[in-house]
Amino acid sequence: MSKSFTKFIGQTVLTSLLLGAPAVAQTAVIDEVIVTTTRSDSLRIDNPGNIATLDPSQTVNLFPVELLNQAPGVHIHRGSGQEHLTAIRSPVLVGGAGAGSFLYLEDGIPMRAPGFANVNALMDALPQADGSVELVRGPGSALYGSNAVHGLVNFISAPLDESGASADIAIGSYARHAVSLQSAQDHGSFMTRLSLDLNGDADGYRDAQSFAQQKARFESAWQDGATGYRLSIAHMNLNQETAGYAASYEDETIARGNNNSDAYRDAAATRTYLRMTTDLDSGATLMLTPYFRTNDMEFRMHFLPGTANTTIEENSHNSIGLQVAYARDTDSVSYVSGIDIEATEGELTEVQSGADKYAFRSPTSIDYAQGTHYDFEVEAQVIAPYLHAVWALSDATDLTTGLRWEMTDYDYTNNTDTGRQGKLYRPANRSDDFSDVSPKIGLVHRLADNRRVFANLARAARAPQTTDIYRLRDQNKDGEVPEIEDIDSEVLDSLEIGYRAVYPALSYEATAFVMQKENYHFRDGNDYYETDGETDHMGIELSLDWMLARDWTLATNLTYAKHE
């Protein structure tokens, strides 16, 4: 069975700089710097593929979705509170696919472990305290592995180089509020910055709907000889009263009602890293980044049918990791080689308090039984060496090559009865491993100082989410429990070509892409678990920024895409 989705998305924004949007030095746009592709500074105009740069200061504080939807090829749907579903060069993806197809980073470090992603990942981000956001549509460079399939989003901290303080306050209807405070201090031998963000709505548009969220980050930077240090500690807490699905948007009473008034989502996350960047005598740069993260979440699964919507899921994971990168420039080649290492311990429980939920078509058969649905733990290890190199073929042409080899190991422990429970299935204890090689090749040709054409051929792969392979249904369409041994990593091949131009008051980019994905993991319309889906994606994306006058800027993007 195949389904086709065609999207035409357009957005135009006219901004008055007199109303608070910061002025941009248009004459310097050609020198715009990005960091995501190589984890170090490089010129955006020479990037061998698409990348959008977004300014967090130009959007309302409450919802990062409003910021990211300014980029072409992006269509993120807001849900209740801080929930959302993402589409980047894809249809709107849900479940494990919605969580695992997009990589969300903070200063180049994944905000969640690869096998433990969440569809509502933007709730962890702190764009109010960031200097910029970089968004790649489709596969990332060789520096990024699992989850960087349909796209990646990198929230980048502002430089920590001067003292100052700021306060932003926004209020709106339904008791919406957002308060962002920031203070940076120069202590002589080191710098510090503290960022606080409080936002929420106390009286949502729908009945029994509200949320309150608190975010904070402490940063410090200092220099010791040839080594620069940057420390970051970030925390997020969310308390949300969730509104369930509305059966009608035309009937205002139904649209503003809430049949799931007991639904909620509570979440907390803490992330910290220490980045050490050393300039070596050889002219090379060595970057070491140890990091730690912890995530906890509890929510009511109000979207399950009947009495099963009393089910409470609790999940958490703790990770420790290390990024190692060695970068060097020569006359003929610039390269970055390194390795990413991460270890994670995660757990999940799912418990239904309501009575048994019987099948609609078979009233004597139980779909969801009262009691424990799942209770398991997973220990995961990821090791991924990579090489990214840019070769000067001529004065006007650069060739980019990349290769990443990512090895993922899962050690799964089932803490409840093995086998079927209603329509659910709990595998016995087991270990699984996945090995994925992702090659990349790109070409950039300089037509002039301010104009480029580029082409990029890339493969992206992701190991299954832990919920893809350990939170199973009782059978697939053939009547058998899906064999985990038959589940392979999801693989996407992408080809894009584009044209990019930058003028003193005008910049624009046009991109065309085709992508093919295999081993797509999803649940079909009959709630059967599929692991061998194939999808095709193609589209055209246009973006334009035009400074009409000193205080007025016109920004627009258009996307036409077909997914099947």
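Side notes on the structure shown:
- Taken over the alpha carbons of the range 509-559 as equal point scatterers, the Debye sum produces base-10 log I(q)/I(0) values at 0.12, 0.15, 0.21, 0.22 Å⁻¹ of -0.52, -0.63, -0.80, -0.83.
- Expressed as a fraction of 2.2 N^0.38 Å, the C-alpha radius of gyration for the range 164-287 is 1.58.
- Ratio of the Cα radius of gyration of the chain to 2.2 N^0.38 Å, where N counts its residues: 0.98
- Lysine pairs meeting the criterion (Cα under 16 Å, 8 or more apart or interchain), as found in the chain: 7
- With helices as the sole contributors, the chain gives -1000 deg cm²/dmol at 222 nm; each DSSP H run of n ≥ 4 counts as -39500 (n - 2.57), and the sum is divided by every residue.
- Computed about its Cα centre, the charge dipole of the chain is approximately 1060 debye, with only Lys, Arg, Asp and Glu carrying charge at their Cβ.
- V35-H235 pseudo-label distance in nm [points 7 Å out on the Cα-to-Cβ vector]: 2.4 nm
- Per-selection metrics, the range 85-242 (Cα): Rg and Dmax in Å: 17.7, 59
- 25 Å tail of the calculated P(r), the range 307-413, as % of Cα pairs: 55 percent
Each value in this text was obtained by applying a stated rule to the coordinates, not by laboratory testing. It should be emphasised that the depicted structure is a prediction, and the values quoted were computed from it without experimental measurement. So basically every Cβ, Gly included, is an ideal-geometry build from the backbone, and we count neighbours across all protein chains shown.
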